[in-house]
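This report concerns only the one structure given below.
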Amino acid sequence: MVSHTSASWLLLLLSPFASPALARNVSPRDAVPAKYHAAPYYPAPHGGWIGSWKEAYEKAHALVSQMTLAEKTNITSGVGMYMGTPCVGNSGSVDRLGFPQLCLQDSALGVASADNVTAFPAGITTGATWDKALMYARGVALGKEFRGKGANVHLGPTVGPIGRKPLGGRNWEGFGADPVLQAKAAALHIKGVQEQGVIATIKHLIGNEQEMFRMYNPLQPGYSANIDDRTLHELYLWPFAEAVHAGVGAVMTAYNAVNGSACSQHSTLINGLLKDELGFQGMVMSDWLSQISGVDSALAGLDLNMPGDTNIPLFGYSLWQYELTRSVLNGSVPLDRLNDMATRVVATWYKFNQDKDFPRPNFSSNTRARDGLLHPAAVLSPSGQVNWFVNVQNDHNVVARQVAQDAITLLKNDGSFLPLSNTQKISVFGTDAQVNPSGPNACANRACNRGTLGMGWGSGVADYPYFDDPISALKRRVGDVKFYNTDTFPGDVGKPAADEVAIVFISSDAGENTLTVENNHGDRDSDKLAAWHGGDKLVQKAAEKFSNVVVVVHTVGPLNLEPWIDLPSVKSVLFAHLPGQEAGESLTNILFGDASPCGHLPYSITKSASDYPASIANLKTFTFGQVQDTYSEGLYIDYRSLHKTSTSPRYAFGHGLSYTTFSFTNATLRPITPLTFSPPPRAPKSPTPSYSSTIPPASEAYYPPNFPKIWRYLYSWLPTTEADAAYAIGKAGTKTYPYPDGYATEQRPGPAAGGGEGGNPALWDVAWEVSVTVNNVGSKFAGKASAQVYLQHPAGNGYDNPVVQLRDFEKTRVLKPGESQVVTMRLTRRDVSVWDVVRQEWVAPGVGEGKDGYTVWIGEASDRLGVACYTGSGRCEGGLKGPV
Ligand code: NOJ
């Protein structure tokens, strides 16, 4: 959030816009380029037709059947910003029936704004481990901490942005610039969290690839991410599909528009793709303050408005709550839609057994004191105990440290310079080596880059319980460390001994657009791909003076390393990404060789920003009206784009060195499920809960007599006269709402590509299994290897495909010299398919009579693929140069 002073001024200025009557101020839509459509898709598909959710829906049906109109509308919206129980979002409750307020809490890397929690490494760091076991273990620990704090809904993981734009502000919250890396990491994160009975939220649907201009405000619509159907399916929606397949309970829509229509009221995205094609059975929430219409968003499939307010908060206005009650009474929102919304919310709660012993929130996002206001935004609020200081950390520092350590990516190691010895004389340069001297949490929402960078800024953060900084860890290890806590190379550095090592710490930060740091507006629009605080110069100067320089980089994403990467004294470069609280020992364990580095890049590092097409290299800047961000590069982001133009990166996607070396031998390919070109037809939907569709009596909306209202709290009741008037309109049926084009009320059978959670269940059939023996062929060091599988489509198959695409990956255990391990990876039907926009179906171009099959490449990085298997012949061979 912006600081309170500036926020209040802004709110005063904008207050006339806060009223619901003016909330549709952004219509009509701005024009988007031809070929980018937001076709209408109605009605919102009912939830409850998938077997694994049957029981939850039966229970939800029984509970919702007992609810009054105002009770149903109360649970589909927040009660207002800073109003409810002290989470970042708090839904309304139905105390009469035992349905509680749901506590929705950030972030994807830890319980935000809370004490006694673990500040885990960020998503991008987790992605850099390429380790499924760690992705899952981090999810388990996160889930336990959210549960321990009483948060029903975890607002993570983040897979949108995917990292299309290297300068995008929130790429670090996700796992890397590839749909499969994002998808598999997210699915394991969700599994870990939800096994603890906490509802995970996959976000942001979709196209939130830059921060600037993302939000609708009364003066300007959010930008439109213009994405074609195939690109949407194969790239941006892919991780969401996998999350739905993993059973994710909640989805958050993005702030921006897609193809001209705001995501929070986008019927194609929510009704069509998410709920019908992907078969999503949980609840869809808006991102905070992004709801811009009441009726239209309900019809488009939104189920939960967060935090309840209009997009100008804190005035006590909502587009739902009492307005949704009114809309159902006057007939503009069909009761059928409200029943489905409420059923989805309650079913999700039952699905994760939150009706049994789920703790109430025991912390406050608003204050660290024991006592505080119960409804801070009400000003005249009762107060009471809001913090119980429950410690949920357990031994989660262990998994946090392991993730931080296994993510560390060794990009360069000339002459096997690393690891260092404990007797090494070391000089350390850079403020990034030491924790922020004012304390690790000194800047709210981590909105500053002072001291070691452990996470980016914005809502995607957590407070550090402590910070193990690199300089302390180095001093614990070696006696002889000189620390220059400066980003300008000091003049008083004497002549180093010939074997003395300079370790230079540099960083690059980014975050959410609500806060600006050193002129970077969320996105890295000011510093771009350069190290912050003159870090590149610091490295150059150190390299002039010292003949052995090790560069440690804490960064949200790729940097331009060209100013110094080829300097002969820059011997080694480690990307430690965003390590969270465990920055120190995780790093020294690698620097001194207790473990070999085993992280791999979750994005490519190019030699120049212009190595990418302009559409992805550049952030969009201000224009009048809606900023148009057209994804003209289609499928070609990151390594796909570089391969297409035969551009060599400085370091390729997936690159990461070890202190040892590995060989990949004896690959085998095993067909599992025989494929046909198109998948078998889906099964029809099972019946969903049914309710009476008669508009309920107005009395179900009346305020209870003598109800003690809290000023500006959002309620779902209406004054009696207003409820009666709305009911009269509904009963007469004379007033018609201007429904969007294509509006319909008859439930659809669902598209051919649907049929289960994540789409047609046949898409998830394993088509081939590929195994390879990974050998540690070094003589000195043990280490873990990353095995990566990339798919190459047969040439000339009628579809334009990237040269290769990541499809699966595995990490070995620690292999001692001479040891080996067989790793097995899988290709599903979906993995070998393309989205055919005409057929509106996934098809597998490499199967069928007379077709050339696929080539399955295996190796340690996208540019080190020396082994190939051919699905046509079933043969595998090694010693190859690789496809790029
Ligand atoms: C806005 C962010 O975009 C979203 O990721 C977050 O969960 C909500 N705010 C709540 O803080």
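Note on region 160-230 and region 759-824: Cα centroid distance 25 Å, given to the nearest whole angstrom.
Convert 25 °C to kelvin, take the viscosity as 0.890 mPa s, use the Kirkwood radius over C-alpha pairs of region 58-359 as Rh, and evaluate the Stokes-Einstein diffusion coefficient in µm²/s, rounded to a whole number.
Numbers: Rh = 18.9 Å.
The estimated diffusion coefficient comes to 130 µm²/s.
Rounded to the nearest 500, the 222 nm mean residue ellipticity of the chain from helices alone is -5500 deg cm²/dmol, with -39,500 (n - 2.57) taken per DSSP H run of at least 4 residues.
Using a Förster radius of 22 Å, what is the FRET efficiency between SER421 and ARG864 based on their Cβ-Cβ separation? Nearest 0.05, please. Numbers along the way, then the final one.
Working: r = 29 Å, r/R0 = 1.32.
About 0.15, to the nearest 0.05.
Under 13 Å from a label point set 7 Å out along the Cα-to-Cβ vector of TYR691, the amide N atoms of region 41-59 belong to 46-47.
In this rough spin-label picture, where each label sits 7 Å from Cα along the Cβ direction, the LYS731-SER873 distance is 8.0 nm. Label-to-label distance, THR665 versus ASN353, with points set 7 angstrom from Cα along the beta-carbon direction: 4.8 nm. Between helix 335-351 and the chain, what is the angle of the helix's C-alpha long axis to the longest principal axis, kept within 0 to 90° and rounded to the nearest 10? Helix 335-351 sits at roughly 40 degrees to that axis. Counted residue by residue at 0.36 nm each, then reduced by the alpha carbon distance between them, the extension gain from ALA31 to GLU518 reaches 171.9 nm. FRET efficiency for the LYS54 to GLU544 pair, using the beta carbon distance and R₀ = 51 Å, is estimated at 0.15. Placing +1 on the Cβ of every Lys and Arg and -1 on the Cβ of every Asp and Glu, with nothing else charged, gives the chain a dipole about its Cα centre of roughly 600 debye.
Ordering ARG214, ARG138, ARG147 from the fewest to the most neighbouring beta carbons within 10 Å gives ARG147, ARG214, ARG138.
Can you sort TRP288, TRP564 by how many other beta carbons sit within 10 Å, fewest first? Walk me through the intermediate numbers first.
On the way: TRP288 26, TRP564 23.
Ranked by crowding around the Cβ, least crowded first: TRP564, TRP288.
Within the shell of other residues whose beta carbon sits under 12 angstrom from the beta carbon of ASP336, the net charge comes to 0, with Lys and Arg scored +1 and Asp and Glu -1.
What does the extension gain come out to for TYR743 and SER648, with contour length at 0.36 nm per residue minus their alpha carbon separation? Walk me through the intermediate numbers first.
Details: separation 95, 0.36 × 95 = 34.20 nm, distance 4.94 nm.
Once the chain is fully extended between TYR743 and SER648, it gains 29.3 nm.
Return a whole-number percent for the relative contact order of the chain, with Cα pairs under 8 Å and 6 or more residues apart as the contact set. It comes to 17 percent, rounded to a whole number.
Expected output is a single nm value to one decimal: the length gained when fully extending between ASP566 and SER779, i.e. 0.36 nm times separation in residues minus the C-alpha distance. What is it? If you can, show how the numbers build up before the last one.
Values: separation 213, 0.36 × 213 = 76.68 nm, distance 2.79 nm.
Stretched out fully, the ASP566 to SER779 stretch lengthens by 73.9 nm.
Ordering LEU102, LEU373 from the fewest to the most neighbouring beta carbons within 10 Å gives LEU373, LEU102.
The simple spin-label model puts a point 7 Å past each Cα toward its Cβ; for ARG370 and ASP594 those points are separated by 3.8 nm. Computed from the Cα positions only, the extents of the chain along the three principal axes stand at 89, 69, 52 Å, in decreasing order.
If you count the DSSP beta bridges with both ends in the chain, what percent of them are antiparallel, to the nearest 5? Walk me through the numbers on the way to the answer.
Working: 56 of 97 bridges.
Within the chain, antiparallel bridges account for around 60 percent of the total.
Kindly express, to the nearest 10 degrees and within the range 0 to 90, the angle between helix 179-194's C-alpha long axis and the longest C-alpha principal axis of the chain. On a 0 to 90 degree scale, this one is about 60. For region 396-644, the relative contact order comes to 28 percent (Cα pairs under 8 Å, sequence separation of at least 6). As a calculated quantity, the FRET efficiency between SER65 and THR623 at R0 = 51 Å, using C-beta atoms, amounts to about 0.50.
Of all lysines in the structure, those lying under 25 Å Cα to Cα from LYS275, and not within fewer than 8 positions of it along the same chain, are LYS35, LYS54, LYS59, LYS72, LYS184, LYS191, LYS203, LYS351, LYS685. The angle between the Cα long axis of helix 396-407 and the longest principal axis of the Cα atoms of the chain comes to about 60 degrees, rounded to the nearest 10.
Taking all Cα pairs closer than 8 Å and separated by 6 or more residues, the relative contact order of region 58-359 comes to 20 percent. Computed with the Debye formula from one identical point scatterer per Cα of region 396-644, without solvent, the log10 of I(q)/I(0) at q = 0.15 Å⁻¹ comes to -1.08.
Read the figures in this text as sums done on the coordinates, not as results from a lab. What you see is a predicted model; the values in this text were computed from it and never measured. No Cβ is skipped: glycine too gets one built from the backbone with ideal geometry, and neighbour counts run over all protein chains shown.
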